[in-house]
1. For the range 98-109, which positions are touching a helix residue (DSSP H, G or I) at 6+ places or on another chain (Cβ under 9 Å), open to solvent by less than 20 Å² (accessible area, probe 1.4 Å) and farther than 17 Å from S4 by Cβ?
2. Only one of D34, D56, D11 is at positive phi and modelled with pLDDT under 95. Can you tell me which?
3. When only residues in the range 30-44 that are farther than 14 Å from A87 by Cα and among the hydrophobic types (A, V, I, L, M, F, W, C) count, which is nearest to the chain's Cα centre (by Cα)?
4. May I ask you to list the residues in the range 39-59 that are of a type in the set (A, V, I, L, M, F, W, C), part of a strand (DSSP E or B), open to solvent by 20 Å² or more (accessible area, probe 1.4 Å) and over 25 Å from Q74 (Cα atoms)?
5. When the residues of the range 73-97 are filtered to those that are aliphatic (A, V, I, L, M) and part of a loop (DSSP other than H, G, I, E, B), which remaining residue is surrounded by the most Cβ atoms within 10 Å (Cβ to Cβ)?
6. Give the residues of the range 6-22 that are open to solvent by 40 Å² or more (accessible area, probe 1.4 Å) and over 12 Å from the mean Cα position of the chain (by Cα), sorted by residue number.
Amino acid sequence: MEQSFTEYRLDDATITMLTMHDADVRLTVRDWKDEIHILVFEDVLGVETMGFLNSDLSHGEELSDDGFLNRCCQIHEEASSDFHCFAFYSAWSDTPILKIVARRFGKASPDVELVA
């Protein structure tokens, strides 16, 4: 499942849903072509949000040195080198509106349901 976060175009996309189950986060993203993508983050240590739902995105960034990443790893007593901070940026601000600290990133098929 592991894929490159930077290969996904997030410009003109919107996050329509965030689902958390155990230590996994799934984001439902509607892209500029009105297609739905499910982005999956595994072994999540933390999520930081600020008005991210239905906001126009400009881009995403995978950070290996970030204050939120370091705080999450310190709290969970994990090595920060084993995790990444995935940041999502609004089209209207230079500040990330969503950050997810996770060990792995991938993509799921939109028809796959989250099992409770």
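The values are calculated or read from the model by the stated rules, or taken from the named source; none is laboratory data. Here the structure is a predicted model, which is why all the values come from computation and not from measurement. Neighbour counts run over all protein chains shown; Cβ positions are idealised from the backbone, glycine included. Quick note on the areas: whole protein, heavy atoms, side chains included, nothing else; ligands and nucleic acids left out. Shrake-Rupley method; radii C 1.70, N 1.55, O 1.52, S 1.80 Å.
1. Scanning the range 98-109 gives a single hit, V101.
2. D34
3. So the residue we want is I38.
4. Result: L53, single match.
5. A91
6. Passing the criteria: E7, R9, D11, D12, T16, H21, D22.
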